[in-house]
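Note sheet for the following structure.
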Amino acid sequence: MGNEESVFFSRVLTELTLSFHIIYATIGVGVPLMIMIAQWVGIKKNDEHYILLARRWARGFVITVAVGVVTGTAIGMQLSLLWPNFMELAGQVIALPLFMETFAFFFEAIFLGIYLYTWDRFDNQKKHLLLLVPVALGASFSAVFITIVNAFMNAPQGFDLVDGELVNIQPLVAMFNPAMPTKVAHVVITAYMTSAFILAAIAAFRLLKGSDHVYHKKALFLTMKLGLIFSIGAAIIGDFSGKYLAEYQPEKLAAAEWHFETEGEAPLMLYGVLDGQEVKYAITIPYALSILAHSDPTAEVIGLNEFPEDEIPPLYIHYLFDTMVTIGMLMIMVSGLYWLGKHMRWRFIHSRWYRWLIVAGGPLTVIAIEAGWWYAEVGRQPWILRDIMKVPEAATTSGHVDTMLYLFATLYLILGVGSVVVLRRMFRKNPVEREIADREAEVREGTRKGGDHR
Amino acid sequence: MSLEVLGITVLMTFLFGYIIVGAIDFGAGFFNAYSLLTGKEHILTNVIQRYLSPVWEVTNVFLVFFFVGMVGFFPSTAFYYGTTMLVPLSIALILLAIRGSYYAFETYGASGHKGYSFMYGLAGLLLPASLSIVLTISEGGFIDMVDGQPVLDYGALFTSPLTWSIVFLSIAATLYISAVFLTWYADKAGDRDATELLRKYALIWSLPTIITAGGIVWELRSHNAEHYNQLLGLWWMFALSGALFIGTVYLLWKRHNYGLAVWLLIGQFALAFYGYGIAHYPYLLYPHLTIHDSFTNTAMATALIIAFILGLGLLIPSLYLLLRLFLFNKDYVKGRKKDEHA
Ligand code: HDD
Ligand code: HEM
Ligand code: HEM
């Protein structure tokens, strides 16, 4: 296998592993927070339903964590296996957050073990809730640290390059690079948003499938409210991300917007097709690109023609960006209308079609996550470390990458199908109606709730 | 102590941690599968499940910590080992993934298919074998430099007796460590049948462990004389390690104080492991890579060590809490606390 093939297959394998990991990782970041909120609401309102909600979410969470952990271990090692030259170079500057991430995992793993196995150990639920705090913190901080590494790839700093050698290295400066604030904030808040909408989708689905239990209604209202807050946050921080790009990676923004000539009063183009440098059939929003880039409708936005041809990312990222933004706007509307409808007693939010829309929101936000990452990563091409190292220079020279790709693809297929099957079976076998009935019977019989019953 | 020695000591400590907790985990999976095969599952499953369930994710983090730390402190290892180890480590990753996820699927999803348990058990044996290849390669002689790129010579690797001794040692040691630990755990749980069975396994696997360990030293004499001579220089560590081994076996034989037996076992492996590691100094990969020329810059090393110390301040109390709540909690171990998971 020639080196070109190694590069190609390394890319495909990285894309595959990351795209698969990110689904579970996003759930891993967001769901602990949701569990925490539900359990907290349950304790505060003294409402068993919310506590049960937290408990059932936690049960499902174990399965997604497991897949998150094993695929994360895979990508962690693959970084060295597939991109040894990159890791050798970048490791000297950016190893710190990568190392700190393992502590975040450690912290999370320990307390997750404790949390899961102590549901009935404490008489005071608050103590049990307290154990979840380190889980949620650990998960969010692992996202923060890994995203810092990724931000560094987009805006490397904290060192000097002298004759191909890195000197004068400052690990903290490298961590706090210009890409870091917006990237970290956007990744974390979209993880919360996605988790909220996935859980909302489940509740809406149960309601559609004939259950009319108030448990699902409470779940739906809670998750939609959270989803609304986080999706508005995601859009605001997304807007800041655009401003970051305009300043530090103008080629990524220009490629996403098919913006060729540097000019002021730039319009935002949604969808459409490209004919040479001409954009056809697009939805044009006047001034919007100037506003996204610089908060000023007349500001000048740098166009693609300013860059050498071989440093322009693939132009299909336009569609990825549009997909992400469309889904973001759609979800703000769906959750906003739902929230408003609840207060105004609008009937349509309880209709079947609206519930189906909420169900669709779960997978859609996952698609937005994928589109966002693909946009951010492909938009960095041809660089692996912007302006310093190109992707082909970074890749392994090993000749067996293609075989490994097939092996891992099979693995992810098994894990993906396995996790869905196991989750479905888990909740089918133990529907919430029965669990609630069981608990009520237990209380009625006068057995002490929690503690050492049985 | 120079920064690179400090760095490698930290990493070795985590690797050692992984070897011990990983071995307990891998071996437990194997014994579980084996007991299914021989119809003795009712004896073992309970003890094994109670130990494994709350800690399986923690085990994995030890490994992640090791390889992330390795690339952090010694970035050049990414170049040498990363390029050459694609196949063996990918296989290890796949085994690890299958094992970890099926454990969760089985335990929490309660699918209860026997086939999974066998796969789980088998993966637990293949894993130490495939991970141990790294150790073999580090002895040198299997990597050629072609056009400035390291290339692994599979033919030499798979025909070398050294490779196979290390593979056998890793399997035997896994089962031995696991059996000794679980004997103690079962004893604490007051489960007589399980204790007896596991004690028997421990005694059975003690001999192959010590024989293969000796075999490796002997192989090294012809394979890597430099390492061999340095090992001889540290003979007292290995002698002490051997004495602790005898102590463990004696206690097991006499059915005496299994807790002490576990500590002696840990001491035995620690002495052998650090002895081996010290003798390896300064090479990370004979003869291409030493800890000095692969070391990261001082600024990064200092930052990593500070992060490490701060991290430990967070981890040690947490780990202590985990152990207290599960491993050393009488009610939990005995299964009297009906802690329902989620
Ligand atoms: C639920 C997912 C989701 C949603 C609804 C949005 N985003 Fe996003 N976006 C992400 C998920 C995401 C992401 C997966 O988190 C990315 C990929 C890499 C990153 O830093 O965040 C991302 C990257 C990303 C970038 C590139 C940042 C960079 O490369 O440094 C920009 C400019 C935006 N987003 C802007 C927006 C805007 C204006 C949105 C308006 C609603 C929006 N995003 C919604
Ligand atoms: C430690 C941080 C990261 C490193 C070192 C890294 C490394 C890489 C590398 C080497 C590539 C191959 C470049 C190419 O395909 O041309 C790549 C592409 C990609 N990465 Fe990242 N990445 C990081 C973070 C992430 C994260 C957190 C995600 C999200 C899941 C991600 C998603 C992707 C995707 C989707 C591609 C495909 C882009 C393409 O087609 O080129 N990356 N990344
Ligand atoms: C190149 C990119 C990435 C690498 C190298 C990576 C590495 C890892 C590793 C090694 C693990 C397993 C840790 C363990 O054993 O517990 C893991 C799991 C995890 N990763 Fe990733 N990761 C990447 C991308 C991401 C991103 C983008 C996020 C968040 C947005 C993320 C969040 C998580 C979380 C939360 C877990 C814990 C598993 C869970 O709780 O579900 N990772 N990752």
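The values are calculated or read from the model by the stated rules, or taken from the named source; none is laboratory data. Just so we're clear, the structure is a prediction, and the values are computed from it rather than from any experiment. Reconstructed Cβ throughout: ideal geometry from the backbone, glycine too, with neighbour counts over all protein chains shown. What goes into the accessible areas is simple: the full protein's heavy atoms, side chains included, and nothing from ligands, DNA or RNA. Shrake-Rupley method; radii C 1.70, N 1.55, O 1.52, S 1.80 Å.
Which of the numbered conditions does A:Ile75 fail, given that it passes all the others? Conditions: (1) more than 9 Å from chain B (Cβ to nearest Cβ); (2) away from ligand 1 (no atom under 16 Å from the Cβ); (3) farther than 22 Å from B:Phe326 by Cβ.
Condition (2) is where A:Ile75 drops out.
Given the conditions (1) touching a helix residue (DSSP H, G or I) at 6+ places or on another chain (Cβ under 6 Å); (2) under 28 Å from B:Gln149 (Cα atoms), report the number of the one that A:Val391 does not fulfil.
(1)
Looking only at segment A:54-64, which residues are in contact (Cβ under 8 Å) with a residue 24 or more places away in the chain and more than 7 Å from chain B (Cβ to nearest Cβ)? Let's see the steps before the verdict.
The initial filter retains those residues of segment A:54-64 that are in contact (Cβ under 8 Å) with a residue 24 or more places away in the chain, namely A:55-64.
A:Arg56, A:Trp57, A:Gly60, A:Phe61, A:Thr64 - these are the residues of segment A:54-64 that are in contact (Cβ under 8 Å) with a residue 24 or more places away in the chain and more than 7 Å from chain B (Cβ to nearest Cβ).
Scan A:Thr118, A:Thr71 and give me the residue that is in contact with a His (Cβ under 9 Å, 6 or more places away or on another chain) and either buried (at least 24 other Cβ atoms within 10 Å of the Cβ) or more than 28 Å from A:Phe427 (Cβ to Cβ) (or both).
Every option except A:Thr71 fails the conditions.
Condition check ((1) crowded, with 22+ Cβ neighbours inside 10 Å; (2) modelled with pLDDT of 85 or more; (3) in contact with a strand residue (DSSP E or B) (Cβ under 6 Å, 6 or more places away or on another chain); (4) polar (S, T, N, Q)) across all residues:
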position	(1), (2), (3), (4)
B:Gly140	no, no, no, no
B:Gly148	no, no, no, no
B:Ile177	yes, yes, no, no
B:Val180	yes, yes, no, no
B:Tyr185	yes, yes, no, no
B:Gly190	no, no, no, no
B:Ile211	no, yes, no, no
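Based on this model, can you work out whether A:Ala235 counts as more than 13 Å from chain B (Cβ to nearest Cβ), surrounded by fewer than 21 Cβ atoms within 10 Å (Cβ to Cβ), within 15 Å of ligand 1 (Cβ to nearest atom) and not in a loop (DSSP other than H, G, I, E, B)?
yes
Out of curiosity, is A:Phe103 facing another protein chain (nearest Cβ under 8 Å), within 16 Å of ligand 3 (Cβ to nearest atom) and open to solvent by 20 Å² or more (accessible area, probe 1.4 Å)?
No, not satisfied.
Go through segment A:367-390 residue by residue and tally those that are away from chain B (no Cβ under 14 Å), among the aliphatic types (A, V, I, L, M), within 16 Å of ligand 1 (Cβ to nearest atom) and touching a residue at least 60 places away in the same chain (Cβ under 8 Å).
4
Kindly indicate which of A:Leu161, A:Leu172, A:Leu112, A:Leu166 is touching a strand residue (DSSP E or B) at 6+ places or on another chain (Cβ under 9 Å) and facing chain B (nearest Cβ under 9 Å).
Values: A:Leu161 fails: facing chain B (nearest Cβ under 9 Å); A:Leu172 fails: touching a strand residue (DSSP E or B) at 6+ places or on another chain (Cβ under 9 Å); A:Leu112 fails: touching a strand residue (DSSP E or B) at 6+ places or on another chain (Cβ under 9 Å).
Only one candidate passes the filter, namely A:Leu166.
Which of (1) surrounded by 17 or more Cβ atoms within 10 Å (Cβ to Cβ); (2) more than 20 Å from A:Gly238 (Cα to Cα); (3) in contact (Cβ under 8 Å) with a residue 60 or more places away in the chain does A:Val325 not meet, given it meets every other one?
(2)
Just checking, does segment A:248-264 include any residue being among the small types (Gly, Ala, Ser), touching a residue at least 12 places away in the same chain (Cβ under 8 Å) and over 30 Å from A:Met153 (Cα atoms)?
No, there is no match, as no residue in segment A:248-264 is among the small types (Gly, Ala, Ser), touching a residue at least 12 places away in the same chain (Cβ under 8 Å) and over 30 Å from A:Met153 (Cα atoms).
If you check B:Ile266, B:Ile309, which single one turns out to be assigned to a helix (DSSP H, G or I), within 14 Å of another protein chain (Cβ to nearest Cβ) and either of a type outside the set (Lys, Arg) or crowded, with 21+ Cβ neighbours inside 10 Å (or both)?
One residue alone meets the criteria, B:Ile309.
Within segment A:23-35, identify whether any single residue is away from ligand 1 (no atom under 16 Å from the Cβ) and farther than 30 Å from A:Glu440 by Cα, and answer yes or no.
There is no residue in segment A:23-35 that is away from ligand 1 (no atom under 16 Å from the Cβ) and farther than 30 Å from A:Glu440 by Cα.
Looking at A:Gly76, is it within 14 Å of ligand 2 (Cβ to nearest atom) and part of a helix (DSSP H, G or I)? Steps first, please.
Values: within 14 Å of ligand 2 (Cβ to nearest atom): yes; part of a helix (DSSP H, G or I): yes.
Criteria met by A:Gly76.
So for segment A:121-140 (the condition being part of a loop (DSSP other than H, G, I, E, B) and at the interface with chain B (Cβ under 8 Å from one of its Cβ atoms)), does at least one residue qualify?
yes
Residues checked against (1) under 23 Å from A:Trp373 (Cβ atoms); (2) outside any helix (DSSP H, G or I); (3) within 13 Å of another protein chain (Cβ to nearest Cβ); (4) within 16 Å of ligand 3 (Cβ to nearest atom):
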site	(1), (2), (3), (4)
A:Ser10	yes, no, yes, yes
A:Thr17	yes, no, yes, yes
A:Val29	yes, no, no, yes
A:Leu33	yes, no, no, yes
A:Gln39	no, no, yes, no
A:Gly42	no, no, no, no
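Can you name every residue in segment A:94-113 that is of a type in the set (Val, Ile, Thr) and either in contact with a Lys or Arg (Cβ under 6 Å, 6 or more places away or on another chain) or within 12 Å of ligand 2 (Cβ to nearest atom) (or both)? Walk me through it before giving the result.
Filtering segment A:94-113 down to residues of a type in the set (Val, Ile, Thr) leaves A:94, A:102, A:110.
A:Ile94, the sole residue that qualifies.
Between A:Leu364, A:Leu320, A:Leu357, which is more than 12 Å from ligand 1 (Cβ to nearest atom), away from chain B (no Cβ under 14 Å) and either crowded, with 21+ Cβ neighbours inside 10 Å or among the aliphatic types (A, V, I, L, M) (or both)?
Step by step, each of A:Leu364, A:Leu320, A:Leu357 is checked, and only A:Leu357 is more than 12 Å from ligand 1 (Cβ to nearest atom), away from chain B (no Cβ under 14 Å) and either crowded, with 21+ Cβ neighbours inside 10 Å or among the aliphatic types (A, V, I, L, M) (or both).
Taking the conditions exactly as written (out of contact with any helix residue (DSSP H, G or I) (no Cβ under 6 Å at 6 or more places or on another chain), under 22 Å from B:His280 (Cα atoms) and hydroxyl-bearing (Ser, Thr, Tyr)), does B:Ser160 satisfy them or not?
Considered against the rule, which asks whether it is out of contact with any helix residue (DSSP H, G or I) (no Cβ under 6 Å at 6 or more places or on another chain), under 22 Å from B:His280 (Cα atoms) and hydroxyl-bearing (Ser, Thr, Tyr), B:Ser160 comes out as yes.
Is there a residue in segment A:416-428 that is of a type in the set (A, V, I, L, M), under 30 Å from B:Gly148 (Cα atoms) and part of a helix (DSSP H, G or I)?
no
I'd like the full set of residues that are among the aliphatic types (A, V, I, L, M) and either in contact (Cβ under 8 Å) with a residue 24 or more places away in the chain or open to solvent by less than 10 Å² (accessible area, probe 1.4 Å) (or both), limited to segment B:88-98.
In the first step, residues of segment B:88-98 are kept if they are among the aliphatic types (A, V, I, L, M); the result is B:89, B:91-98.
Within segment B:88-98, B:Leu89, B:Ile91, B:Ala92, B:Leu93, B:Leu95, B:Leu96, B:Ala97, B:Ile98 qualify.
Among the residues in segment A:130-143, are any farther than 29 Å from B:Ser318 by Cβ, open to solvent by 30 Å² or more (accessible area, probe 1.4 Å), over 22 Å from the mean Cα position of the chain (by Cα) and more than 16 Å from ligand 3 (Cβ to nearest atom)? Walk me through it before giving the result.
So in segment A:130-143, the residues farther than 29 Å from B:Ser318 by Cβ come out as none.
No; the residues of segment A:130-143 include none that is farther than 29 Å from B:Ser318 by Cβ, open to solvent by 30 Å² or more (accessible area, probe 1.4 Å), over 22 Å from the mean Cα position of the chain (by Cα) and more than 16 Å from ligand 3 (Cβ to nearest atom).
If the requirement is being open to solvent by 10 Å² or more (accessible area, probe 1.4 Å) and touching a strand residue (DSSP E or B) at 6+ places or on another chain (Cβ under 7 Å), which of these qualifies: A:Leu89, A:Leu18? Give the derivation first.
Details: A:Leu18 fails: touching a strand residue (DSSP E or B) at 6+ places or on another chain (Cβ under 7 Å).
Exactly one of A:Leu89, A:Leu18 is open to solvent by 10 Å² or more (accessible area, probe 1.4 Å) and touching a strand residue (DSSP E or B) at 6+ places or on another chain (Cβ under 7 Å), namely A:Leu89.
Residues in segment A:183-190: is at least one more than 11 Å from every other protein chain (Cβ to nearest Cβ), part of a strand (DSSP E or B) and either among the basic types (Lys, Arg) or away from ligand 3 (no atom under 11 Å from the Cβ) (or both)?
no
Which number in (1) within 7 Å of chain B (Cβ to nearest Cβ); (2) on the phi > 0 side of the Ramachandran plot marks the one condition that A:Asn46 misses?
So the condition that A:Asn46 fails would be (1).
Would you please list the contacts, defined by Cβ atoms under 6 Å and residues six or more apart or on different chains, that run from a residue in segment B:310-328 that is over 13 Å from A:Ala109 (Cβ atoms) to a residue that is of a type in the set (Phe, Trp, Tyr)?
Cβ pairs passing all conditions: B:Gly311/A:Phe103; B:Phe326/B:Tyr332.
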